[in-house]
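Notes for the one structure printed next.
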């Protein structure tokens, strides 16, 4: 089976990702749109249209994976349906490559589609985002197949050095993994950093704290409520809880128990993250682990200082004491103290806000990261 001759000026790319509010789906959607803007033809293949894929573009296409609810199967075989759809799209649209976000199931399905293709071999690029490795991949039942697909992918990228190191250690694979971090558009998260209204300027002004996640246990959203409760006892404040998930009920109950529920707003899933961050003064991200931290990056780009945990890939996004603050997991008192320090020291607040945005623009701008992905594409197509 041979490689098809391709031109880098106009690629036909098949992208598979989770279409939900998680970071991997957001990054995949953003990447697809930017590639489309450059003139490449992008085909998303998933069970639903990615939530951040809200803008029309003539080079963007969505192909829905239909899963048959056959009585013989206790669980619908999505991985097989996805592989069949990827094969179908590849043949009809003459795809040049598959870009799978998450090893399981997307890279596995891409490999099956690759093996089914008889006319030419379609390379598979696998991007690791975290949960596929740190939570799913190292479960005993998924260990062999994850290790297999890491070896079989034509290229593997990881969103942080932490995730790359974790992958190599857990799966004991010998191969190159390119670190390509997540990215932001500077214009999407524009920042009034020189505006005198940035941040709360008076002690009696209501400060707005925010948390954005999928509310899974690893996000420790009850810690968010505890941090806010301490801050609220010292000054007027409100907390915006953006997202939804299994821990929401626990957080709502804790807010009532701590007597701050009237100032805590559970907003559910939202698309206008840039607007919410512009209206917020501090982002709280007390996660147990993060492979990268897309929301902290978006907050920094919007000049919203971040208080997070010193774990995983977060130190690659936030420089402690300069572009935000990183503290140990579970240190709600320390995080509340840093929040109060930012809210009461305007010079410090503006300094951190400016430094955060400057770092985001320098290291995580869309042009830089897009070129890194395009280099990987070129390597697998012509290497």
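The alpha-carbon atoms of the range 282-377, seen along their principal axes, cover 46, 29, 15 angstrom, with the largest extent given first. By the Kirkwood approach, averaging reciprocal distances over each pair of separate Cα atoms, the chain gets a hydrodynamic radius of 21.7 Å. For the range 207-363, the alpha-carbon coordinates run over 41, 31, 29 Å along the three principal axes, in decreasing order. Considering only C-alpha atoms, what is the centroid distance from the range 123-187 to the range 225-280, in Å? Between the Cα centres of the range 123-187 and the range 225-280 lies a distance of 33 Å. Could you check what % of the DSSP bridge pairs in the chain are antiparallel, to the nearest 5? Here the antiparallel bridges make up roughly 0 percent for the chain. Packing-based ranking of 139-152, 175-188 yields 175-188, 139-152, ordered from highest to lowest mean Cβ neighbour count within 10 Å. What does the convex hull of the alpha-carbon atoms of the range 67-185 project to on average, in nm²? Averaging across all directions leaves 9.0 nm² for the Cα convex hull. Taking other C-beta atoms within 10 angstrom as a stand-in for reagent exposure, 205, 118, 316 fall in the order 118, 205, 316, fewest first. Percent of Cα pairs in the range 266-336 per distance bin of 5 Å, from zero to the largest separation: 3, 18, 29, 24, 18, 8, 0.
Kindly state, as a whole number, the per residue volume in cubic angstrom of the convex hull around the alpha carbon atoms of the range 170-293.
Numbers: hull volume 17.0 nm³, N = 124.
Taking the convex hull of the Cα positions in the range 170-293, it is 137 Å³ per residue.
Sorted on the mean count of surrounding Cβ atoms within 10 Å across their residues, most packed first, peptides 288-298, 252-262, 154-164 read 288-298, 154-164, 252-262. Sorting 233-243, 26-36 by average packing, meaning the other beta carbons within 10 Å per residue, from highest down gives 26-36, 233-243.
Shape analysis of the range 142-186 places it in the prolate category; the axes a ≥ b ≥ c from the Cα gyration tensor give an a/c of at least 1.5, with a/b above b/c.
Readers should treat all values here as calculations from the given coordinates under stated rules, not as data from a laboratory. Remember, it's a predicted structure, so these values are computed and weren't measured experimentally. Because the Cβ atoms are built from the backbone with ideal geometry, glycine has one as well, and the counts that use them run over all protein chains shown.
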